[in-house]
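The values are calculated or read from the model by the stated rules, or taken from the named source; none is laboratory data. Worth saying up front: this structure is predicted, and the values here are computed from it rather than measured. When we count neighbours, we look across all protein chains shown, and the Cβ atoms used for this are built from the backbone with ideal geometry, even at glycine.
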Amino acid sequence: MERIVVGMSGGVDSSVAALLLKRQGLDVIGVFMKNWDEKDENGVCTSTADWEDVQAVCRLIDIPFYAVNFEKEYQERVFSHFLSEYRKGRTPNPDVLCNREIKFKAFLEFAMKLGADKLATGHFVQTEIREGHPVLLRGADAKKDQSYFLYMLKEQQLQKAVFPVGAMTKAQVRDIAREHGLPVSDKKDSTGVCFIGERNFRNFLQNYLPTQPGDMRTEAGEKVGEHIGLSYYTPGQRKGLGIGGCGDGRSWFVLEKDLKNNVLVVGQGEDHPRLFSSHVEAVEPTWIAGGAPMAAGEAYRCTAKYRYRQADQQVTVRLEGDRLLVEADEPQRAVTPGQSVVFYQGELCLGGAIVEAVEQYQGKPDLLQR
RNA sequence: UGGGGUAUCGCCAAGCGGUAAGGCACGGGACUUUGACUCCCGCAUCGUAGGUUCAAAUCCUGCUACCCCAG
């Protein structure tokens, strides 16, 4: 009988994933991962409650369960990089790394040691074998599709992965959970950095990053406020600037981080032209199915997401050496260095890359024409 | 020092005798497996002390603060 380890978070999705596999008559083992050992702002270790939910669900559907700890791996492979990016003034996405390094590497290896053939999770994505190779497809529930977070996986990782709820909608998943009386059927979806959870992000970062106060200035150089350290802000951000009353009365947004002068450049209006860009240089491209889908130099058409849950954007991508030049048909708002741009061809998730540099929408040369 | 002006929520700002608009900021919530964005809700008795009036932020007087002009 095929043995499958299910990564269980204590949420509805992974609980239902385990349930479905069990009902298929497979040899299912539930495993809870603990990768972050710290109390939240209220001094409560939320992972404890999640672990209890996992146990309750596993007992109910009658599968064995374990907990593993990858705190060390998470620190070394995800969190250290996360902090180093912030120190450089960039805005990383720790969860895409977490999937590549922890869930589908360290944890996958652990599952294999338990004698598993496959590793299942509650992600809303689907896989398929095309021409003998596994590919990643969007989840059936467009509103919940999580392929954005899994674009860094490689074929070898995907090969071992199973996504039991990927073909369902969130509503269906909850229905199934209710039908079977799972105690987590109405549990709120978790958000926040994976394993670290929801918390005041600025306060959280302050535990790890130095504060280096400086000025907030307009493009013209007029000082309109003070910041606590450029690491604490990200392009397009509105909340937390604390500027009110001056200028034309509209809201202020972060336009740019001037690391050299430790100045946060801000501007007014959610439609400020400096907030938009069409050309992006992205690095560290990773492709799920083997190599790049386009030939070097070729202008390749596909769609892309510059952030999770963004509607598909039509883009032209060109591979130049080890970097990618991405031109969007429509100007994109607040594309951010350190974040990921993920590519799709229809339902197929091709892979993605890390935004390195952004060229402003107006008055810049066409990257793809060079 | 003389003359003039202004004082309304953290900031900007309506109100001009009838019982405090709005924007920004901020707080809370929603949304969300990153960070952001977005949406919803909340948020002042009017510098101070008196007076006039049925009724004052709105009129009068004193005080205080700030600004401008003069010198």
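Numbers at a glance
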{"item": "The stretch A:234-264, subset more than 6 Å from RNA strand B (Cβ to nearest atom), out of contact with any helix residue (DSSP H, G or I) (no Cβ under 8 Å at 6 or more places or on another chain) and assigned to a loop (DSSP other than H, G, I, E, B), residue modelled with the highest pLDDT", "result": "A:Asn261"}
{"item": "Residue, nearest to RNA strand B (Cβ to nearest atom), within the stretch A:157-201, restricted to residues that are exposed (fewer than 15 other Cβ atoms within 10 Å of the Cβ) and among the basic types (Lys, Arg)", "result": "A:Lys188"}
{"item": "Residue in the stretch A:212-233 that is more than 9 Å from RNA strand B (Cβ to nearest atom), assigned to a helix (DSSP H, G or I) and modelled with pLDDT of 90 or more present", "result": "yes"}
{"item": "Checking A:Glu101 against (1) within 17 Å of the chain's Cα centre (by Cα); (2) in contact (Cβ under 8 Å) with a residue 40 or more places away in the chain, the condition it does not meet", "result": "(2)"}
{"item": "Residue in the stretch A:340-348 that is within 15 Å of RNA strand B (Cβ to nearest atom), part of a loop (DSSP other than H, G, I, E, B) and among the β-branched types (Val, Ile, Thr) present", "result": "no"}
{"item": "Residues that are in contact with a Phe, Trp or Tyr (Cβ under 7 Å, 6 or more places away or on another chain) and part of a strand (DSSP E or B), drawn from the stretch A:298-312", "result": "A:Cys302, A:Thr303, A:Ala304, A:Lys305"}
{"item": "Residue check, A:Glu284 closer than 29 Å to A:His81 by Cα and either within 23 Å of the chain's Cα centre (by Cα) or assigned to a loop (DSSP other than H, G, I, E, B) (or both)", "result": "yes"}
{"item": "Extreme residue, farthest from A:Ile354 (Cα to Cα), among residues of the stretch A:129-156 that are away from RNA strand B (no atom under 16 Å from the Cβ) and in a helix (DSSP H, G or I)", "result": "A:Gln156"}
{"item": "Qualifying position, being buried (at least 21 other Cβ atoms within 10 Å of the Cβ), in contact (Cβ under 8 Å) with a residue 40 or more places away in the chain and in a loop (DSSP other than H, G, I, E, B), among A:Pro337, A:Pro293", "result": "A:Pro337"}
